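The values are calculated or read from the model by the stated rules, or taken from the named source; none is laboratory data. Note that the structure is a prediction, hence the values are computed from the model and not measured. Backbone-built Cβ (ideal geometry, glycine too); neighbour counts: all protein chains shown.
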């Protein structure tokens, strides 16, 4: 932008409009500048002012012309067509973008050299330290996972900290930025805060040392009585209603409100926090807590829903709050549940009651943990038949509110994946071993401070077998779809994986499911310095995400032999038909269990509370008007359609295989 000095006539006009300057020569203005809309302004330091030649239309239809009224500016650049009015103290050391509206603010300043929240260390999971994550604008859930949990590789931790520190220092400045098309109204103190384009900040009490990474594609909203210190708020997030955060990272499209309080915590994509409290938590994507009585503390979560009154303890002994726990992806807590850390809960499990025995069910996913008489009872695999589990898996992709094309987190939504299926292999083997060691006639089996009833153990083995059949069948059908094979040799050639990547163990690094070998290879590169920028690390995560299905088939190829006792290199059309038939049986039986579980929502017990003051018939009519009937329920129809589509898919492959036979 080309700036010029003020003319003497413009200075005279400004002075008649009650403007003063320490030195008029330090003020430079846009070529099309006019002093008409500047009144009661005190200028000091270096000032740049753009053109003031546009109109803002406010809610209710009021129009105001771009202007500067009743404000003190010190070392400030004001972009084109801004409106700044009624600044109680002053604005100092800021660059303000075009078309920005600032009104009724206490003070906005950058004081000294600031990193704007970058480089703040968050003592996540362990309040006493040891797992600190250095937050920055580019932080992903996966990078934070490695920073926090891979402390057994101290050189890696140091390298990641150095990269974050380098980024923070590179973006440090004595001048803050307020982006274009941004609104700041009726707000208290804003100090050492960098604010992106299209942000809306209304009624905020205090923002200190942070970045608001708003942009046109994904604006950030920060609302009434919010207090935020030492923070990063990512694009598309919404923080409102007296929320208080301190030393926190808020990921893309998160929502915090209704007086939520959080300290030393990380919230990644699409998290929601309302009413309750968080302390030192690692909230992976889609961690949700809505209830005033809920405390999440010193834990790692993802795809998690916390019930009312959920609580954990990390202060068991006299050495302080040093204990931590993990609820793997998809785990839920029921109302009034309690867990004494340290504990680890397997993926897609449900926790009910109070648990004080430090159980580890990570190899028994999709389970219920139920407390009875101060004892934890484990029901393995039962959540596979739950309509709630299937509904959750369907809703998460639909509830991804990110609109920023530059996504920080790479999220895999698959319910069944190498990560969960490998645990089912281990869980099935574990349950069978328990049965063999303790005997089939045992009424209960002990496992990691928990008890498993005999009937639950038997059903757990069956649930896991059904899920394994379903996953491997899905993978096989996908691999063979759309090809008219002429011989068994053609089938075997098609089954050969496209890459060697995918063998062995898989990990879930907070939303991203990937082969552990690939994650380890990336960590080796970071340690050696061949991957030496934050953006390069995120590019590697993106590569793993984009190649998921290629890697998944490599893993499934190995497991076909382990589960069906035939190597794919020797597989025939008859073998494929046998596997697909078992797959069809598994899919249909699982869908029928889900169907029956859904039917419980329409039982007479579920209708209690409907039809006030009426007969049973009126109760049923009232229920139907509010909730609909079972056959017409969209989810029930989807289950029925799923059975038909999957059966047809299997039949189509069998028909192609029978041509070879």
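Counting just the residues of the range 248-263 that are surrounded by 24 or more Cβ atoms within 10 Å (Cβ to Cβ) and more than 12 Å from the chain's Cα centre (by Cα), which one comes out nearest to residue 291 (Cα to Cα)?
Here the answer is 260.
Among (1) modelled with pLDDT of 95 or more; (2) buried (at least 24 other Cβ atoms within 10 Å of the Cβ); (3) assigned to a loop (DSSP other than H, G, I, E, B), there is one condition residue 125 misses while meeting the rest; what is its number?
Against the list (1) modelled with pLDDT of 95 or more; (2) buried (at least 24 other Cβ atoms within 10 Å of the Cβ); (3) assigned to a loop (DSSP other than H, G, I, E, B), residue 125 comes up short only on (1).
Test residue 188 against the criterion of being at pLDDT 95 or above, assigned to a strand (DSSP E or B) and closer than 17 Å to residue 115 by Cα, and give yes or no.
Here the answer is no, as residue 188 does not meet what is asked.
Among the residues of the range 518-530, which ones are in contact with a helix residue (DSSP H, G or I) (Cβ under 8 Å, 6 or more places away or on another chain) and either under 12 Å from residue 554 (Cα atoms) or not in a helix (DSSP H, G or I) (or both)?
Hit for the range 518-530 is 529, nothing else.
Can you find even one residue in the range 66-74 that is free of Cβ contacts under 8 Å to residues at least 40 places away in the same chain, surrounded by 22 or more Cβ atoms within 10 Å (Cβ to Cβ), touching a helix residue (DSSP H, G or I) at 6+ places or on another chain (Cβ under 8 Å) and assigned by TED's automatic domain parsing to the domain that holds residue 16?
yes
Filter the range 393-408 down to residues that are crowded, with 16+ Cβ neighbours inside 10 Å and not in a loop (DSSP other than H, G, I, E, B) and give me whichever is farthest from the chain's Cα centre (by Cα).
393
Would you mind stating whether residue 204 is part of a loop (DSSP other than H, G, I, E, B), touching a strand residue (DSSP E or B) at 6+ places or on another chain (Cβ under 7 Å) and either surrounded by 22 or more Cβ atoms within 10 Å (Cβ to Cβ) or in contact (Cβ under 8 Å) with a residue 60 or more places away in the chain (or both)?
yes
Given the conditions (1) farther than 23 Å from residue 208 by Cα; (2) crowded, with 23+ Cβ neighbours inside 10 Å; (3) touching a strand residue (DSSP E or B) at 6+ places or on another chain (Cβ under 9 Å), report the number of the one that residue 273 does not fulfil.
It fails just one condition, (1).
Filter the range 436-461 for residues that are more than 18 Å from residue 562 (Cβ to Cβ) and touching a residue at least 24 places away in the same chain (Cβ under 8 Å) and give the result.
447, 448, 449, 450, 451, 452, 453, 456, 457, 459, 460
I need the full set of residues from the range 355-375 which are touching a strand residue (DSSP E or B) at 6+ places or on another chain (Cβ under 8 Å) and touching a residue at least 24 places away in the same chain (Cβ under 8 Å), in order please.
Result: 357, 358, 359, 360, 361, 362, 364, 367, 369, 375.
With the requirement that a residue be at pLDDT 95 or above, surrounded by fewer than 16 Cβ atoms within 10 Å (Cβ to Cβ) and in contact with a helix residue (DSSP H, G or I) (Cβ under 9 Å, 6 or more places away or on another chain), what does the range 18-35 give you?
Result: 20, single match.
Mind listing whichever residues of the range 356-378 are in a strand (DSSP E or B) and surrounded by fewer than 24 Cβ atoms within 10 Å (Cβ to Cβ)?
Residues satisfying the conditions are 360, 368, 370, 371, 372, 375, 377.
Among the listed residues 301, 267, 282, 286, which satisfies the condition of being buried (at least 20 other Cβ atoms within 10 Å of the Cβ), within 17 Å of residue 396 (Cα to Cα), touching a residue at least 60 places away in the same chain (Cβ under 8 Å) and within 15 Å of the chain's Cα centre (by Cα)?
Criteria check complete, one pass: 286.
Tell me whether the range 284-304 contains one or more residues that are in contact with a helix residue (DSSP H, G or I) (Cβ under 8 Å, 6 or more places away or on another chain), assigned to a strand (DSSP E or B) and within 20 Å of residue 237 (Cα to Cα).
No: zero hits.
Taking residue 140, is it out of contact with any strand residue (DSSP E or B) (no Cβ under 8 Å at 6 or more places or on another chain), surrounded by 18 or more Cβ atoms within 10 Å (Cβ to Cβ) and modelled with pLDDT of 95 or more?
yes
Test residue 170 against the stated conditions and say whether it is farther than 30 Å from residue 57 by Cα and under 21 Å from the mean Cα position of the chain (by Cα).
When the stated conditions are applied, residue 170 does not pass them.
Can you pull out the residues in the range 313-331 that are surrounded by fewer than 24 Cβ atoms within 10 Å (Cβ to Cβ) and outside any loop (DSSP other than H, G, I, E, B)?
Result: 313, 325, 326.
Look at residue 188 and say whether it is surrounded by fewer than 19 Cβ atoms within 10 Å (Cβ to Cβ) and over 24 Å from the mean Cα position of the chain (by Cα).
Considered against the rule, which asks whether it is surrounded by fewer than 19 Cβ atoms within 10 Å (Cβ to Cβ) and over 24 Å from the mean Cα position of the chain (by Cα), residue 188 comes out as yes.
For the list (1) in contact (Cβ under 8 Å) with a residue 40 or more places away in the chain; (2) over 28 Å from the mean Cα position of the chain (by Cα), I need the number of the one condition that residue 532 fails.
(2)
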